[in-house]
Amino acid sequence: MRVYIHTPETTELKLVEVDGGIQLSQLIEAHAPGGDACAWLEDQEDALDPNGTLADAGIPDRGHIHISKACPRIAVRVRFAPEPKTKDFSPSTTINHVFQWATGKQGFSLTPAERAKHTLGLCDTTVEPDKSEHVGSLATPDCTLCLDLAPKERFEG
């Protein structure tokens, strides 16, 4: 099977070929040597059991796994008028998942028409992360990430 590996060191994906019967601890050690790292399946809150196999964890072919030593939770702050909102996410949470939260009822409650006109960008930049990027790959070393909920035209050429 093939899986995509995300890490805090880069937003570049690694596609690796693995046997579905290997223990997650082996995959973790291969991509974050030295112990103390955890793995999360994309958009899942809880870390995977390192003693289980990839098959036991239900990881599909071409599944996305985030491996990190530093940040078991990312404090994501989304700025939008009048007050910013903050929520902790697992490092495997995608920008798209954060966007859904930020524009939904627990976030800023945008209407579908307003939601379609907005996007998330890295705070104080003109960088719009890809919706499939993991927050753990974009977080600072202190396990935080600041995003602006901004009009799309801010990012258009």
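The values are calculated or read from the model by the stated rules, or taken from the named source; none is laboratory data. Every value quoted in this text rests on a predicted model; they were computed, and no experiment measured them. Ideal geometry is used to build each Cβ from the backbone, glycine not excepted, and the neighbour counts take in all protein chains shown.
In table form, for the structure just shown:
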quantity: Count of residues meeting criterion [polar (S, T, N, Q) and either buried (at least 18 other Cβ atoms within 10 Å of the Cβ) or modelled with pLDDT of 95 or more (or both)] in segment 112-131; calculated: 1
quantity: Qualifying residue in segment 97-108 (condition: surrounded by 14 or more Cβ atoms within 10 Å (Cβ to Cβ) and more than 16 Å from Phe80 (Cα to Cα)); calculated: yes
quantity: Single residue of Arg62, Arg77, Arg2 found to be surrounded by 14 or more Cβ atoms within 10 Å (Cβ to Cβ) and basic (Lys, Arg); calculated: Arg77
quantity: Filtered residues of segment 139-157 (kept if modelled with pLDDT under 95 and not in a loop (DSSP other than H, G, I, E, B)); calculated: Ala150, Pro151, Lys152, Glu153, Arg154
quantity: Residue check for Ser92: surrounded by 12 or more Cβ atoms within 10 Å (Cβ to Cβ), within 27 Å of Val18 (Cα to Cα), modelled with pLDDT of 95 or more and of a type in the set (S, T, N, Q); calculated: yes
